[in-house]
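Undergrad: Before anything else, here's the structure in question.
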Amino acid sequence: MKDARDVYRERTWAPTWVWALLSVVGLASVGGVLLGGEEAASPWLVVVGALLVGLVSCFSRLDVEVLRRSLRVGFGPVRVARKHIAYGDIESARPVKYRPVRDFGGWGIRWRGGKTAWTIRGNRAVRVRLRSGKRIFVGSEHSQRLAYRVQAAAELERRAQRRRKAR
């Protein structure tokens, strides 16, 4: 590896049941309008269906990127929700197994007791501990690899900061 901060990307897609739900809602909305006649062709059915399909699409995947200067986490193809974490703010990064429902109340962007989770599926994450004391759980199907890259990048940044202070 040339540099721990070489770009590393991981994309995790929503579980199959989410896609099945999205398909059913979309088909029910369109089918209700096309086959239901005048009564079923309520504009509300179309609006609600479109909103649900749009919402699920916006949160259909979790992208995690170890960039040159920061860790970036974002949901969906249009990145409706996104977070940048500067390596200088990171104290440590460790792979962990956790219980999404018990620990955070489910998947997605969740907050509980000074912790934040950015997850989409599974029970593996990287726990990023910030210098401020906050903890951020980043869902990952390759948590060992991701934790190594984030920890190495944070350590490189700490060394660079020490060199700058020594000047």
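Undergrad: Restricting attention to the stretch 129-163, and to residues there that are of a type in the set (A, V, I, L, M, F, W, C) and in contact with a Ser or Thr (Cβ under 6 Å, 6 or more places away or on another chain), which single residue is farthest from Glu65 (Cα to Cα)?
TA: Result: Ile136.
Undergrad: Here's a follow-up. Checking Ile120 against (1) touching a Ser or Thr at 6+ places or on another chain (Cβ under 7 Å); (2) at pLDDT 95 or above, which test does it fail?
TA: Going through the list (1) touching a Ser or Thr at 6+ places or on another chain (Cβ under 7 Å); (2) at pLDDT 95 or above, Ile120 breaks only (2).
Undergrad: Can you name the residue in the stretch 91-130 that is among the charged types (D, E, K, R) and in contact (Cβ under 8 Å) with a residue 40 or more places away in the chain and is also surrounded by the most Cβ atoms within 10 Å (Cβ to Cβ) among such residues?
TA: By that ranking, first place goes to Arg121.
Undergrad: Tell me, which strands (runs of 3 or more DSSP E) lie completely within the stretch 56-159 with 2 or more residues that are in contact with a strand residue (DSSP E or B) (Cβ under 8 Å, 6 or more places away or on another chain) and aliphatic (A, V, I, L, M)?
TA: 61-66, 70-75, 81-86, 90-97, 124-130, 135-139
Undergrad: Would you mind stating whether Arg72 is crowded, with 16+ Cβ neighbours inside 10 Å, among the basic types (Lys, Arg) and within 22 Å of Val7 (Cβ to Cβ)?
TA: Judged against the criteria, Arg72 is a match.
Undergrad: Name the residue, out of Leu62, Leu51, Leu45, that is surrounded by 12 or more Cβ atoms within 10 Å (Cβ to Cβ) and at pLDDT 90 or above.
TA: Residue meeting the stated conditions: Leu62.
Undergrad: Follow-up question, since we're still on this one. Would it be correct to say that Gln161 is surrounded by 14 or more Cβ atoms within 10 Å (Cβ to Cβ) and either touching a residue at least 24 places away in the same chain (Cβ under 8 Å) or under 29 Å from Thr16 (Cα atoms) (or both)?
TA: In short, no.
Each row is one residue, and each column tells you yes or no for (1) modelled with pLDDT under 75; (2) over 30 Å from Ala152 (Cβ atoms).
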| position | (1), (2) |
| --- | --- |
| Arg9 | no, no |
| Ser29 | yes, yes |
| Glu39 | yes, yes |
| Cys58 | no, yes |
| Arg68 | no, no |
| Gly76 | no, no |
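The values are calculated or read from the model by the stated rules, or taken from the named source; none is laboratory data. Keep in mind that what you see is a predicted model, and the values were worked out from it rather than measured. Cβ coordinates were reconstructed from backbone atoms using ideal geometry, including for glycine residues, and neighbour counts include every protein chain displayed.
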